[in-house]
Structures are given as structure tokens and as C-alpha cells.
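Enquirer: Could you have a look at this structure, given as C-alpha cells, before my questions?
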Amino acid sequence: MNTYSLKIYTSIASLPNSWDDVAIDNAFLQKAYLEVLESSAPTNMQCFYIGIFEETQLIGVALAQYLNLNKLESFGERDKCLKTFIRNFIFKNFASHVLFLGNNMITGQNGYTFKKKISYKEISKLLLDCANEIISYFRNEGTTIHIVSFKDFYENGAKELKKNEFASMYEFTAQPNMIFELPNHWKTNDDYVAAFSKKYRDQYKRALKKSDGVIVKELSLEEIIFNEERIYQLYYYVAKNAPFNTFFLDKKHFSTFKKQCGNRFILCGYFIENQLVGFHTLLLNGNVLETYFLGYDEQIQKEKMLYLNMLYNMTKFGIENQFEKILFGRTALEIKSSIGAAPILMSGFIYHNNKFINRFIDKIFPKLEPTLVWQQRHPFK
């Protein structure tokens with residue numbers, strides 16, 4: 001096995017000059033995006049940027065995030081039941097200091113990348129070494145990391161990691177990532193609509209009719225800054241009513257994103273009579289279009305089928321700009337399947353630093369996950 005070394009950075013300014021050369025295939029590991037995290041990460045999050053070296057050459061980069069759940073005012077308020085109360089109590093008392101190897105703010109395999117082929121045996125060892133170094137950093141600061149999670153691996157990657165250093169770690173599958181593989185013969189939105197079965201073409205027409213009077217506009221940086229307070233209100237409403245949260249975005253997150261990433265970050269506002277009633281965001285990541293956070297006025301969302309129209313608009317953008325696929329993330333699985341996205345299972349690995357608790361992690365963890373029952377839709381002929 002080759003000998004590799006790690007260096008952990010806490011500021012973007014100190015990253016090696018060749019960082020973006022290594023991260024060239026993933027926008028979420030490049031400096032522009034990492035600067036968004038550095039300057040507008042959630043208040044309960046601290047980011048670490050990891051360089052992996054072969055001798056003196058940077059050959060890999062990775063991201064880690066520490067979350068202090070004691071600083072979180074709410075874990076999500078949609079589900080009010082005994083299971084939710086118990087879950088919140090456990091997180092506050094036994095799992096409030098969490099280390100993620102990967103990006104907890106987006107869905108997908110965005111935790112690391114290499115510029116050369118590295119075996120999964122080496123990757124698994126390097127990821128564990130990263131975690132141990134950061135745990136030691138916090139121990140020296142007087143903080144005990146309770147939980148370590150390695151986030152979002154597709155099936156083959158998870159299987160290979162499990163054969164190596166992750167063999168004794170608990171593997172879990174959360175809600176699937178909803179991914180829309182766009183056929184390359186679709187060139188326009190009309191091609192997409194024509195592919196629907198009658199039921200789902202009627203749904204599309206009904207949603208379009210309901211959106212009458214709603215003006216959709218891509219916002220410039222200046223317009224995002226002007227509407228920043230309202231954008232955050234709309235985001236916060238949706239986030240707070242999610243079944244489970246580990247963070248809330250900084251109020252200037254969206255304007256910071258636009259400043260740092262320019263045309264690779266798109267925020268579309270939905271207006272009725274010049275009043276912002278909703279928004280959605282997109283991230284352009286090579287040939288992949290990634291959906292990001294959104295927000296809406298609940299009353300308008302019901303009247304105008306706003307959320308469904310947002311999904312159609314994101315899909316239209318993806319088709320017309322010839323992206324290969326759209327990553328829609330883990331929420332609202334059924335409605336996303338109704339517009340064409342399909343569930344792709346992803347795995348994570350987790351362990352608790354308390355050996356007694358870790359012995360029972362396979363029993364405890366499934367009980368903390370929000371229960372979800374949904375039916376996959378198949379909208380095409």
C-alpha cells in the first residue's frame with residue numbers, strides 16, 4: 001500500500017494552490033463553494049477541509065463538518081409524537097456533538113475526490129484517519145465527539161468500504177436520493193410533456209393552470225440581497241416544518257452563494273403582484289443539475305400548486321440546458337417520482353464513541369429515523 005499523509009485545514013486561505021485541480025470534477029469540493037461554507041455556514045456547524053498527499057503532491061481532497069446540536073432551536077416541528085420527543089431527548093443528551101465526513105447540507109457522494117485511482121481499502125483507512133484527527137482536535141479543545149458519520153455512498157462504494165476498514169461499522173440507508181436521468185433525445189420541455197401518460201399530462205396541465213398570475217424570475221445578486229429577509233422567511237418556514245433538521249442556514253447564505261459561485265448558482269423567485277411568495281435554487285455541477293434549498297408561502301403553495309410547479313420548472317431547465325441528470329434530494333419522494341425522478345438508495349456508516357452505546361447502535365439508530373411510507377409513481381407511457 002502506498003503511504004499517504006493528511007493535512008487538515010480550517011480556512012480556505014490556507015488551502016494548497018492545486019486544490020481546485022484535484023476537485024475539478026466536483027463543484028462542491030472546489031474553493032468557490034467551500035468559501036460559501038466558510039463565510040455563511042449554519043451557526044452550529046464548523047467545516048474542515050482535508051488535503052490528502054502522496055509524498056508532497058496533493059492527490060485528494062475531502063470535507064468534514066462538525067455539528068453542535070445543542071445550538072439548534074428545533075430538530076423539526078412537523079411530527080409531534082412520543083417517538084419524536086424521545087428522538088430529540090436522545091440527540092440532545094447522547095448525540096449532540098456530531099462529526100460528518102461528507103457534506104450534511106446536500107444529498108450525494110460529495111465527501112471526497114481523488115485525482116488518481118485509489119483502492120477502497122486505502123480510501124476507508126484515509127477516511128477513518130481523517131475522523132480520528134478531527135476527534136483529537138476537539139478533544140484538545142475540551143469537546144467530546146459523540147457520533148461519527150460517513151455520509152452518502154452509492155451501492156457499489158458502500159459495498160467496497162464494508163469489505164475493508166468499515167467492516168465493523170453500522171451501515172444505514174436513509175431515504176433515497178430522487179434522481180431524474182434525462183433521456184438525451186429530449187431537447188425541449190414539449191418532449192418531456194409528450195412522454196407523460198394521460199394522467200400525468202393532465203396533472204402537468206392542471207399545475208400550469210393553477211400557476212396563472214405567478215411570475216417566475218431568475219434573481220441577480222442585487223435582487224437576492226434586496227429580497228434577502230423575505231427569502232429567509234420562506235426558507236425558514238419550510239425548513240422548520242421538515243420532519244427532521246440538524247441545522248438552519250445563515251440568513252446571508254443565498255447572497256453569499258451567488259457572490260462566490262456566480263452563474264453556477266441560480267435562485268428563481270416566484271412573484272404575485274411584485275410580492276415574493278416562493279423561490280427555488282439550483283447548482284450547476286458539471287453535467288449534473290443539483291436542486292438546493294427552496295421556500296414558499298404555505299397558503300400560496302396550496303392555491304397555486306407552487307411546489308409542483310417548481311419541480312416542473314427545474315426539470316425544464318435541466319432538459320433545455322442538456323444536463324444528463326437532476327438530483328432532487330431526499331424529501332417529498334412521492335411528488336418527485338410523479339414528475340419523473342426515481343429513488344436511488346444511498347448508504348452511510350455511523351458509530352458512537354461510547355463503546356456501550358455503539359454496541360446497540362443497530363437497535364437504536366433505526367428508531368430515531370422518521371417513519372416514511374410512500375408510493376412511487378411512474379408518470380411516463
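The values are calculated or read from the model by the stated rules, or taken from the named source; none is laboratory data. From a predicted model like this one, the values you see are computed outputs, not experimental measurements. So basically every Cβ, Gly included, is an ideal-geometry build from the backbone, and we count neighbours across all protein chains shown. Each accessible area value is taken on the protein alone, full model and side chains, heavy atoms only, with ligands, DNA and RNA left out. Shrake-Rupley method; radii C 1.70, N 1.55, O 1.52, S 1.80 Å.
Enquirer: Leaving out ligands, DNA and RNA, and with a 1.4 Å probe, what % of the accessible surface on the range 316-360 is carbon or sulfur?
Expert: Details: 1150 of 2060 Å².
Looking at the range 316-360 in its full context, I get 56 percent from C and S.
Enquirer: Here's another thing I want to ask about it. At q = 0.17, 0.22 Å⁻¹, what is the log10 ratio I(q)/I(0) for the range 240-381, with the Debye formula run over Cα points and no solvent?
Expert: Each listed q corresponds, in turn, to -1.15, -1.53.
Enquirer: How long is the gain from residue 168 to residue 17 if the chain were fully straight, where each residue apart is worth 0.36 nm and the alpha carbon distance is subtracted? Intermediate results must be reported in sequence, preceding the final value.
Expert: Numbers: separation 151, 0.36 × 151 = 54.36 nm, distance 3.69 nm.
Length gained between residue 168 and residue 17: 50.7 nm.
Enquirer: Per q in 0.13 1/Å, what log10 I(q)/I(0) does a Debye calculation on the alpha-carbon atoms of the chain return?
Expert: -1.17
Enquirer: If r is the Cβ-Cβ distance from residue 54 to residue 181 and R0 is 41 Å, what FRET efficiency results, to the nearest 0.05?
Expert: Values: r = 35 Å, r/R0 = 0.85.
That pair, residue 54 with residue 181, gives E of 0.75.
Enquirer: Pairing the Cα long axis of helix 198-210 with the longest principal axis of the chain, what angle in degrees results, from 0 to 90 and rounded to the nearest 10?
Expert: 80
Enquirer: Once ligands and nucleic acids are excluded and a 1.4 Å probe is used, how much of residue 211 is accessible, expressed in Å² to the nearest 10?
Expert: 20
Enquirer: At 1.4 Å probe size, with no ligands or nucleic acids counted, give the accessible surface of residue 320 in Å², nearest ten.
Expert: Estimated to the nearest 10 Å², residue 320 gives 100 Å².
Enquirer: Could you compute the net charge surrounding residue 60? Neighbours are other residues with a C-beta less than 15 Å from the C-beta of residue 60; K and R count +1, D and E count -1.
Expert: On the way: positive: 7, 115, 116, 117, 121, 125; negative: 20, 21, 25, 54, 55, 122, 129, 133.
Result for the neighbourhood of residue 60: -2.
Enquirer: Cα to Cα, under 19 Å, and not fewer than 8 places away if on the same chain: which aspartates and glutamates meet these conditions relative to residue 163?
Expert: Within the straight-line cut-off, residue 163 pairs with 122, 129, 152, 155, 171, 362.
Enquirer: Enumerate the aspartates and glutamates that residue 251 could reach by cross-link, defined here as Cα to Cα under 18 Å, with residues fewer than 8 away along the same chain left out.
Expert: Those aspartates and glutamates meeting the cut-off are 35, 38, 73, 222, 223, 228, 229, 297.
Enquirer: Checking the cross-link filter: which lysines have an alpha carbon closer than 20 Å to that of residue 205, excluding same-chain neighbours under 8 positions apart?
Expert: 187, 302, 304, 316, 336, 381
Enquirer: Let's test the formula: R0 of 41 Å, r as the Cβ-Cβ distance of residue 144 and residue 116. What FRET efficiency results, to the nearest 0.05?
Expert: Details: r = 36 Å, r/R0 = 0.87.
Efficiency, rounded to the nearest 0.05: 0.70.
Enquirer: Ignoring ligands, DNA and RNA, what accessible area per residue does the range 178-343 give at 1.4 Å, in Å²? Write out the running numbers ahead of the final one.
Expert: Working: 7470 Å² over 166 residues.
On a per-residue basis, 45 Å².
Enquirer: From the helices alone, meaning DSSP H stretches of at least four residues, give me the mean residue ellipticity at 222 nm for the chain, per-run term -39500 (n - 2.57), in deg cm²/dmol to the nearest 500.
Expert: After summing the helix terms and dividing by the residues of the chain, the value is -11000 deg cm²/dmol.
Enquirer: Next question, about the same structure. Pairing the Cα long axis of helix 120-140 with the longest principal axis of the chain, what angle in degrees results, from 0 to 90 and rounded to the nearest 10?
Expert: It works out to around 80 degrees.
Enquirer: What spacing in nm lies between the two simple spin-label points modelled at residue 216 and residue 275, each 7 Å away from Cα in the Cβ direction?
Expert: That separation, rounded to one decimal, is 2.2 nm.
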